[in-house]
1. Quick check on segment 217-228. Is at least one of its residues farther than 23 Å from ALA116 by Cα and either hydroxyl-bearing (Ser, Thr, Tyr) or part of a strand (DSSP E or B) (or both)?
2. Tell me which helices (runs of 4 or more DSSP H) are completely within segment 1-94 and hold 1 or more residues being among the acidic types (Asp, Glu), at pLDDT 95 or above and open to solvent by 20 Å² or more (accessible area, probe 1.4 Å), or say none if there are none.
3. Determine if segment 168-185 includes at least one residue that is open to solvent by less than 30 Å² (accessible area, probe 1.4 Å), among the charged types (D, E, K, R) and in a strand (DSSP E or B).
4. It is to be established whether one or more residues within segment 150-167 are without any contact (Cβ under 8 Å) to a residue 12 or more places away in the chain, open to solvent by less than 70 Å² (accessible area, probe 1.4 Å) and either among the hydrophobic types (A, V, I, L, M, F, W, C) or more than 30 Å from ALA287 (Cα to Cα) (or both).
5. Just the residues that are among the aliphatic types (A, V, I, L, M), assigned to a loop (DSSP other than H, G, I, E, B) and over 16 Å from PRO326 (Cβ atoms), please, taken from segment 247-273.
6. Any idea which of LEU103, LEU114 is more than 11 Å from HIS319 (Cα to Cα) and buried (at least 21 other Cβ atoms within 10 Å of the Cβ)?
7. Among the residues of segment 219-230, is there at least one that is farther than 22 Å from ARG120 by Cβ, modelled with pLDDT of 95 or more and open to solvent by 20 Å² or more (accessible area, probe 1.4 Å)?
8. Sort out which residues of segment 215-254 are more than 22 Å from HIS132 (Cβ to Cβ) and touching a Phe, Trp or Tyr at 6+ places or on another chain (Cβ under 7 Å), and write them in order of number.
Amino acid sequence: MRFRIGFAAPLTTPQAIVGLPMLRTVELAVADARARGLDIAIRAVDDKEDESVAAQAAAELAADPSVVAVIGHKNSGPSGAAGPVYAGAGLAQVTQCSTDNALSRAGWPTFFRLCADNERQAAVAAEFAHAHLPAASAVAVHDGTDYGRPLVQAFATRLQALSGRPVKVLAMHVGQEDFAEIVEAIRDAEPGVIDFGATEIESSKLMRALHAAGVRAQVISSEGGPDNPLARLAGPAGEGSIHTYAGADPLSTPASRSLVRRCVAEIGETPSYVVECYDAVSVITAALEKGATTRKEVRDAIASTDFEGIGGRIRFDAHGDRIGAPVSLWRVVSGRMIPLAEGALR
């Protein structure tokens, strides 16, 4: 029997800069599984980082009886739009990097998450800000998405609890080009810390706008990890910025370091959430190798997962969240993301 694993992410829109390398990583993992004798293939769909397109893409995958599980989506909004479609079809969804807490609280028995959620990631960012700049005021900016908005809200709530000072929250939007108004609002607030809840694209644009305006507060965002394109996109404006990464540090284990070397050789970079992309395939293929053949059997086997992935132990709680999902901290130094030793928090 030939099985297919669906993969859903932006493949043609600006965020394809992240989505395509993720797909390449998934393809590497599937090639490894085929080498072990498993008859599987990937069926990739482009969600165009759009919720309505994501729901249509999910319906396309759900209608294909050979698809036994799906990896994705990259973004929380599309994951949320696709979630009920997968649940209705009994099709397991294993997301590598959708962090919105609401996803695992929606009651979909088919939802599983390998990365940390927004609340955990935001807590790490807020605790870092308070520990290193305890007297600083803060402004937080989100991109209006189901990813960025709750992430910033969680950061603001946690930092306010730690510092006793309110955090000013501002909003931008995906595709924004003119940042004059928001830069002025940030300048007027005179913050020592600016937290971003946005993708690499919008975060880098706002960094450049703030840098051009002479704003030099400590920037903290959620787009860390080796080779994250934010460092390239932001250029000099990104220097010294701190970034959380809601995934395993891909340099933390011998197996993950080996994967990084392979990706650099075969893909030319270390994809974002490279460990989670590879391990998502492993979670699904482990179910198939145990004898699962139907969507229900695959879902049930994933729910009972307990093994060592290339980035550490993988288990899921009753809501589909990974137990003990790691979060790391990174800093941009000379145009590169460098892990902070103290950032390997679990």
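The values are calculated or read from the model by the stated rules, or taken from the named source; none is laboratory data. The structure presented is a predicted model; accordingly, all values stated were derived computationally and were not measured. Reconstructed Cβ throughout: ideal geometry from the backbone, glycine too, with neighbour counts over all protein chains shown. Ligands, DNA and RNA are excluded from the accessible area calculation, which covers all protein heavy atoms including side chains. Shrake-Rupley method; radii C 1.70, N 1.55, O 1.52, S 1.80 Å.
1. yes
2. Ranges flagged: 16-35, 51-62.
3. Checking segment 168-185: not a single residue is open to solvent by less than 30 Å² (accessible area, probe 1.4 Å), among the charged types (D, E, K, R) and in a strand (DSSP E or B).
4. Yes, that holds for at least one residue.
5. Residue satisfying the conditions is ILE267 alone.
6. Unique residue meeting the criteria: LEU114.
7. Checking segment 219-230: not a single residue is farther than 22 Å from ARG120 by Cβ, modelled with pLDDT of 95 or more and open to solvent by 20 Å² or more (accessible area, probe 1.4 Å).
8. GLY247
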